[in-house]
Amino acid sequence: MSSVLYDSPGPRTKAMTIIGSVVAVPLIGLAVYLWIYRPLADAGQFKGELWGPIVDPNNQYFSLVWERWGDGWLNTLKAAVLSIIASLLLGSLIALVRRELRELRHRRFPGSPFGGFGRFGVLVGRGLTRAWVEIARGTPVVTTLYFVFLVLPIWGIDFDDRMWFLVIGLTIYNSVVIGEIIRSGMDGLPQGQDEAARAVGLSTWQSSRIVMFPQAFRVMLPALISQVVVILKDTSLGGVIISYEEALGVTKQMVEAFRGEHLAIGIPMYFSIGVIYIVVNYALSKLAAYLQKRLSRRGFKPIDKPATALVAEASAGAGGAGSL
């Protein structure tokens, strides 16, 4: 099957692809053996005493390692779930408010004694929300977490559980990304949806909330799940920045403890936690693919683009529409 941008490969191209794959696989295997396996084997990183605490139930440290990992993953999931819920709620509100302000930009507010002030308020609101989105999205997550952890206590906002600093920091960043994803989804729906809502007497806010938002949320669900994966991975910054005992932070603590026992177990521990992260994220990716198929059967066409591309398109569209 061909399209405007892509032609189906012919017999020669298919043959070259097969030959390239046959040649590339042994070369990749050889490279892994020479540059990864051999150096690690020469350094003694495959000794049983190093991997015993992770894979050998008879090892004296086995139960302790997996108990600590269990506690770390529980903390990771708690922070991730709270951050995801808060980001979805706040992001949805941001999307609805920004779309409402955009729809009101040309409104004259007839008959209202505050007509001029209303237009000024809309302009100020658009400027403030646009500035918040650009600042929160343009600031690295690490910087946001440092800011939350160091500045909030100065303002008198402190928490006994450091998890809340992590949740607030992740919510600040991811809520604006999710908000732009949902807003771009609403903008991408057929214009007739909004016109039909207006025809039955719904206001712009009611149209956005009742008609446009539910459809956009379903359409953009794969992209939203991709952002959920990002939130889950970013929880690992909590152990580095605010000493929160999530999965990676607990792993770091155990590596230091084993080093005190003269057992250099760093590579096995970090390799194992990396594999666990890959398995969890792969499961979420398969969930996104499953939901995409389900939505396609129901007549929805999910937009299969990275979240960063969707946000960039939404920002470009907002700028072209005369955004502040």
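Label sites at residue 200 and residue 93, each approximated as a point 7 angstrom past Cα along Cα to Cβ, lie 2.8 nm apart.
A straight chain from residue 35 to residue 283 at 0.36 nm per residue would run longer than the Cα-Cα distance by 86.3 nm.
Amide H to amide H distances under 5 Å link residue 246 with 239, where only residues 5 or more positions off or on other chains count and H is placed in the peptide plane. If the chain linking residue 270 and residue 14 were pulled fully straight, counting 0.36 nm for each residue of separation and taking away their Cα-Cα distance, it would gain 88.2 nm. Packing around the peptides 79-86, 147-154, taken as the average count of other Cβ atoms within 10 Å per residue, puts them in this order, highest first: 79-86, 147-154.
Apply the Debye scattering formula to the stretch 55-320, with a single equal point scatterer on each alpha-carbon and no solvent, then give log10 I(q)/I(0) at q = 0.13, 0.16 Å⁻¹. With one equal scatterer per Cα and no solvent, log10 I(q)/I(0) is -0.93, -1.21. Near residue 253: Cβ cut-off under 9 Å, other residues only, Lys/Arg at +1 and Asp/Glu at -1. The net charge is 0.
Taken together, the values in this text are just the output of simple stated rules run on the coordinates, not laboratory data. Model, not experiment: these values are computed from the prediction. Glycine gets a Cβ as well: all are built from the backbone with ideal geometry, and neighbour counts include every protein chain shown.
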